[in-house]
Amino acid sequence: MLDTKYNHLEIEKNKYNTWKEKGYFKADNESKKPPYCIVIPPPNVTGKLHIGHAYDTAIQDAIIRYKRMKGFDALWLPGMDHAAIATEAKVVKKLKDMGIDKYEFGRENFLEACWDWTHEYGDNIRNQWAGLGLSVDYSRERFTLDEDLNYAVRKVFVDYYNKGLIYKGEKIINWDPAAKTALSNEEVEYASEKSAFYHLKYQLEGSDKYLDVATTRPETLFGDTAVAVNEKDERYKDFVGKNVILPIMNKPIPVITDEHADMEKGTGCVKITPAHDPNDFEVGNRHNLERIIIMNDDATMNENVPEKYQGMTREECRDTVLEDLKEQGLLLEVEPLVHEVGHSQRTGVMVEPMVKKQWFVKMAPLAENVLKFQDDKDKKINFVPKRFEKILRHWMNISYDWCISRQLWWGHRIPAWYKGDEIYVGMEAPEGDGWVQDEDVLDTWFSSALWPFSTLGWPNNTKDLERYFPTDCLVTGYDIIFFWVARMAFQSEYLTGYRPFKDCVIHGLIRDEHGTKMSKSLGNTVDPFEMIDKYGADSLRYYLTTEGSMGLDLNFSEIKLTATWNFINKVWNASRFVLMNIEDLKEIKLDNLSSIDKWILTKYENTLKSVTKHMDKYEFNLAGTEIYEFTWNYFCDYYIEMAKYSIDNESTKSTLCYILTGIMKMLHPFMPFVTEEIYQILPVKDAESIMISSYPEYDKHLVFANEEIIVDDQIDFMKKFRNIKQENNMTKDLKILFEDSIYNDLVIKVLRLNENLINEPLSIKSYPVNSNNIKATIYFEKEETKEDIENKQKQIEDLKASILRREKLLSNENYVNKAPANIVEMDRVKLQEEKNKLEELLK
RNA sequence: GGAUUCUUAGCUCAGUUGGUUAGAGCAUCUGCCUUACAAGCAGGAGGUCGAAGGUUCGAGUCCCUCAGAGUCCACCA
């Protein structure tokens, strides 16, 4: 028999391995069932899974378990991401701590260290998936650097190159001076920083006139090759076409006109540094200006600046330049300013825009294709909630190309080879001597963009690809829509001709209890596995999936997690009661049903119908609330209490078992462990594991509208009775007189009324208790107090107000004619009830 | 500058296509160890749903304006 208390530690032991060994997680591409597929957003092999992963995967597991029980051949494909820059940074640091320099170590050795790292952290992640109870198909697990995924990557690269969708070009890119690699625009995060607008004096050549040029980056002046003003700017029209003297360098540079110079901003004069500013780069292109790169790869000043400044960091150089300018009287003004400065997402250092030769994906045709798909309702990705489609569409209007080369070692090496000026792009190294492969690897998102189909075997037309692609659903946070979802969309739609997934379920971020973003530096992170130790994976999963609503952030609350534990404990104890009483049940026979059996079955079927609807629409909070309410407020609070008086009855036992089974099945996607534990003890069950049992189907033959009304009325009576009893402090010796009713018996039992005092009205004070079908009067030895009178008066006032409101409503012709008939009828019934009650009170 | 979300009970949040007198958890008050559960049971108190307008027979829900908070994108010489 079950323990009196739910013990999550005990229950969650061993089940996972059993499921795994029995092969329940494995999809079967030979099966006759319709396929249903989700690919996991592959976690980076950089460390432990955090609460966000727990959230994301709990949702997916709920979906996949539901679909599996619903009769689908459900495939949840797991895997991990090599996370090029993120992992490389970790391994570099690890080696550094051991006193090893990456470059001295060499490419081969370094990659070996990365693989060791990957295997170690991969195992951790698999253990954590097990702890969460995720039903992923390990037989299909993939890693973004697997040989076949690498093949897919090379294939895309080569095809795109041949079609002109991938090209190598010298452009301005975001340079991470710490990782010494290029970044995409998406990998740059902006943060407000206190800085200043420095007004510099650019003297007109051979004149005492000068331009006041405002800049936030005085240290880049060494790379200036022009000063731009707006064509329409009257203030500077005499300067245009002449030269100004670049401070410190004492070099003449032209004053040009360009649309980029905004008359309203600053002084209207802009220094143009084509090699170190994206806008200036464009200006430089328009005017054929020289690009002078003034920094090394680590962002120290290079040989193109005067010797004095060479080797300085950007920051040191800025300070020195400012001092020197001040000395020379060329610093006109320092205007404090707060502005956004770009930082590398991974290393955190300030990004340096630099001109570099890199590989790019031409975005315009790919993006356009996605928009075409989104306009076709049979081809589009359906976002849940809908509003997130806008983020995709917005991102597809980008004007810049995607920089995909990274100066890293860990990743997919670019399949391009060079020999002198020759370049060869192909699946394998070209024949002949002297070819050297490109040193760089691809942006990690290049391979994860192929994830939904490369994992299923693409570009080979495998059985899995044919069966499971396009996938059915992708679950991820809104923070990576533009990183990942958008890229999967354009890659999939261009390469395969299909959307990568039909539905895209977007959830929010988990924040701390005050709504602050979790971060290691703030120390407000929540470790999901600590929570699992304390409350169990079932509690954590149910809490995460049913607490918030899709697309909104969730403020993590341990108190609510304990409330979930309490709910499971309640479920546990209800099961305990049921199992204690149905041990000898041989089969579930739902005939000769009593009134309460019919009542709870009706409530159950209606709940099931609604829960199924919510599950299909990914409305897990609503599904969860309904199951919770049904289980606690109807099944436990009333049915079990009432069933105690007919527990030997076969129909009661069958009903108990039937409903408990249904509750377990509805809860299983959210709390797999405890529901399996209880399912296993049921005397009658339809499968060897709840995981592979079938989800209950709504059965309209078990809906009894009449009994629902009758028992609801009995409950209504009981509530009113208890209310009066408690309000008047009638702890004992209350006497009750029932008017004739066929529905009293159960009420008398459940309310534990003293049989001797029924129908013996002999006391001072009397209280009427009426429901629709049951009418009674309670008598009690007590004087009427002032409070009693006040209470009664208040009740009368409330009733009168309500009657007035309803009469007014019902006399409104518009309402009566336009509102649905059942709503109007309900008001009529309610009105009559209120009138009856008022009459009663006024007696 | 563009987009978007949020504002509902003391706290944290639900609230489906507009439809009875707006719900939950926690906290709080009262009474109970009633044989599944005291991490429980029974009962209560607590909200003019951010503000003002509009559409409608009917608005927490739809529309407009405003206020406050958050997020994303763009700009930032």
- Item | For the stretch A:326-442, size of Cβ-based charge dipole, Lys and Arg +1, Asp and Glu -1, in debye | 800
- Dividing the helical contributions, -39500 (n - 2.57) per DSSP H run of n ≥ 4, by the residues of chain A yields a 222 nm value, nearest 500 deg cm²/dmol, of -13000 deg cm²/dmol
- Task: Evaluate chain A: find the radius of gyration of its Cα atoms, find its Kirkwood radius, and give the ratio Rg to Rh.
- Result: 1.11
- Ranked packing of A:615-622, A:809-816, A:217-224, most packed first, by mean Cβ within 10 Å: A:217-224, A:615-622, A:809-816
- Helix A:363-374 sits off the longest principal axis of the Cα atoms of chain A, rounded to the nearest 10 on a 0 to 90 degree scale, by 20
- Query: Given N residues in the stretch A:658-753, what is Rg(Cα) / (2.2 N^0.38 Å)?
  - Reply: 1.60
- Given R₀ = 22 Å, FRET efficiency for A:K22-A:H119 by Cβ-Cβ distance, to 0.05? 0.25
- Compute the distance in nm between two label points, each set 7 Å from the Cα along the Cα-to-Cβ direction, one at A:K765 and one at A:N729. 0.9
- Looking at this model, which pairs from A:K32/A:K155; A:K377/A:K603; A:K665/A:K700 are more than 29 angstrom apart at the alpha-carbon? A:K32/A:K155; A:K377/A:K603
- Message: What distance in nm lies between label points placed 7 Å from Cα along the C-beta direction at A:R235 and A:D616?
- Response: 6.6
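Can you bin the stretch A:714-759 into rounded, prolate or oblate? Criterion: square roots of the alpha carbon gyration tensor eigenvalues sorted a ≥ b ≥ c, rounded for a/c under 1.5, prolate for a/b above b/c, oblate for the rest. Please list the in-between numbers first.
Values: a/c = 1.85, a/b = 1.23, b/c = 1.50.
Because a/c hits 1.5 or more and a/b fails to exceed b/c, the stretch A:714-759 counts as oblate.
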- Angle between chain A longest axis and helix A:595-616 axis [Cα atoms, degrees, rounded to 10]: 10
- Query: What is the helix-to-structure angle for A:51-69, meaning the angle in degrees between its Cα long axis and the longest Cα principal axis of chain A, kept from 0 to 90 and rounded to the nearest 10?
  - Reply: 50
- Task: Report Rg (one decimal) and Dmax (nearest whole number) for the stretch A:410-505, counting Cα atoms only, units Å.
- Result: 16.7, 51
- Task: Treating only the Cβ atoms of Lys and Arg (+1) and Asp and Glu (-1) as charged, compute the dipole magnitude of the stretch A:16-160 about its Cα centre; round to the nearest 20 debye.
- Result: 680
- Mind putting a number on the dipole of the stretch A:692-843 about its Cα centre? Charges go on the C-beta only, +1 for Lys and Arg and -1 for Asp and Glu, and I need it in Debye to the nearest 20. 380
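Can you classify the stretch A:402-460 as rounded, prolate or oblate using the Cα gyration tensor, where a ≥ b ≥ c are the square roots of its eigenvalues, rounded means a/c under 1.5, and otherwise it's prolate if a/b beats b/c and oblate if not?
Details: a/c = 2.91, a/b = 1.64, b/c = 1.77.
The shape class here is oblate.
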- A:N109-A:T525 pseudo-label distance in nm [points 7 Å out on the Cα-to-Cβ vector]: 3.0
- Task: Run down the lysines and flag those whose C-alpha is under 27 Å from the C-alpha of A:K242, throwing out any fewer than 8 positions away in its chain.
- Result: A:K201, A:K209, A:K232, A:K251, A:K265, A:K271, A:K326
- Among rounded, prolate and oblate, which fits the stretch A:682-834 when a ≥ b ≥ c are the square roots of the eigenvalues of its C-alpha gyration tensor, a/c under 1.5 means rounded, and a/b larger than b/c means prolate? oblate
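Given Cα pairs under 8 Å that are at least 6 residues apart, what percent is the relative contact order of chain A? Mind showing how you got there, number by number?
On the way: 1415 pairs, mean separation 106.2, N = 843.
Computed value for chain A: 13 percent relative contact order.
Students often get this wrong, so check it: of A:K15/A:K94; A:K725/A:K837; A:K379/A:K613; A:K502/A:K613, which have C-alpha atoms separated by over 26 Å? Don't skip to the end; give the middle numbers.
Details: A:K15/A:K94 36 Å; A:K725/A:K837 18 Å; A:K379/A:K613 24 Å; A:K502/A:K613 18 Å.
From the list (A:K15/A:K94; A:K725/A:K837; A:K379/A:K613; A:K502/A:K613), the Cα-Cα distance tops 26 Å for A:K15/A:K94.
Where a number appears in this text, it was derived from the coordinates with a stated rule and is not lab data. Bear in mind that the values here come from a model prediction, so they are computed numbers and not experimental data. All Cβ positions, even for glycine, are placed from backbone atoms using ideal geometry, and neighbour counts span all protein chains on display.
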